[in-house]
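Below is one structure; the comments refer to it alone.
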Amino acid sequence: MFTPASTGTPMKVHITSRHQALTEGLRTHIEDKIKRVERYLGKIKEAHVVLNFESKMHICEVTLSAKNLKLSAKASSHDMYQSIDVSLKRLEKQAHKQKDKRVERHRTGGSKVMESVMHGLIPTPVEGDGVTVVRSRKYAVKPMTVEEAAMQLSSSKDEFLVFSNAETDRTSVVYKRKDNHIGLIEPGY
């Protein structure tokens, strides 16, 4: 069991060596390289390293588990140390990418929900510019009940359906919500 100096808690490093003896030098080399990856991921819960020797090739497979993240890489060469270095370098690159994503998400103010809300907003027109209305298609407003409209919407690819409510004789809209329910908009006039 390997204990990183920065956290003080043990990180489980499982090393399996097939068709070749696991030397203390290999174990130390792997643990040192995993420390480098830990700089990007934070606390690593578990690391699985499989060293294999097949048809004159040294193969290293590494899987790391961190908080809400699992990374893996594989490399092969004619030297086991080189295979370990390449696979852990690949993991380091993946971890660096994940860290950059976290930092960027934090820097831009957070979540994907905010991005989708911002995407749906119509920018205010600049003074002097005319507002252009783009007609996509015409909808036939059919008289039906709310239940019928909901059934028709759920079986179609459309995001909303405009219909004439047979119970109130008013134009209404049913739409697909993100929580997989159907929403209803009724006029208040």
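Taken together, the values in this text are just the output of simple stated rules run on the coordinates, not laboratory data. Remember, predicted model here, so these are calculated numbers, not experimental data. Neighbour counts are summed over all protein chains in view; Cβ atoms, including those assigned to glycine, are modelled from backbone coordinates with ideal geometry.
If a paramagnetic tag sat 7 Å from the Cα of V141 along the Cα-Cβ line, which residues of region 149-170 would have the backbone N under 12 Å from that point? In region 149-170, the label zone of V141 (backbone N under 12 Å from the point 7 Å along Cα→Cβ) covers 162-166, 169-170.
What does the extension gain come out to for E186 and R36, with contour length at 0.36 nm per residue minus their alpha carbon separation? Please report the intermediate quantities before stating the final value.
Numbers: separation 150, 0.36 × 150 = 54.00 nm, distance 5.86 nm.
The E186-R36 span can extend by a further 48.1 nm.
Once the C-beta distance of K97 and E54 is scaled by a Förster radius of 30 Å, the resulting FRET efficiency is 0.50 to the nearest 0.05.
Could you list M144, M151 so that the one with the fewest beta carbons within 10 Å of its beta carbon is first and the one with the most is last?
Working: M144 19, M151 14.
With the sparsest Cβ surroundings first, the list reads M151, M144.
Going from the fewest other Cβ atoms within 10 Å to the most, the residues I34, I185, I59 appear in the order I185, I59, I34. Using Cβ point charges alone (K and R +1, D and E -1), the dipole size of region 138-189 about the Cα centre works out to roughly 240 debye. Computed from backbone phi with θ = phi - 60° and the Karplus coefficients 6.51, -1.76 and 1.60, the 3J(HN,Hα) list for region 173-178 is 9, 10, 9, 7, 8, 5 Hz; x is used for glycine and proline. When all alpha carbon pairs of region 12-107 are counted in 5 Å bins from zero, the resulting P(r) reads 3, 14, 26, 24, 15, 9, 5, 2, 1, 0 %.
If I model a spin label as a point 7 Å beyond the Cα along the Cα-Cβ vector, how far apart are those points for D79 and Y175 in nm? So the label points at D79 and Y175 sit 6.2 nm apart. Between R27 and V86, the distance separating the two model label sites (each 7 Å from Cα on the Cα→Cβ line) works out to 2.6 nm.
By the beta-carbon count within 10 Å of each Cβ, the least crowded to most crowded order of V86, V134, V174, fewest first, is V134, V86, V174. Taking the Cα centre of region 45-114 as reference, the dipole from Cβ charges on Lys and Arg (+1) and Asp and Glu (-1) amounts to some 580 debye. Across all directions, the average projected area of the convex hull around the alpha carbons of region 138-189 is 3.8 nm².
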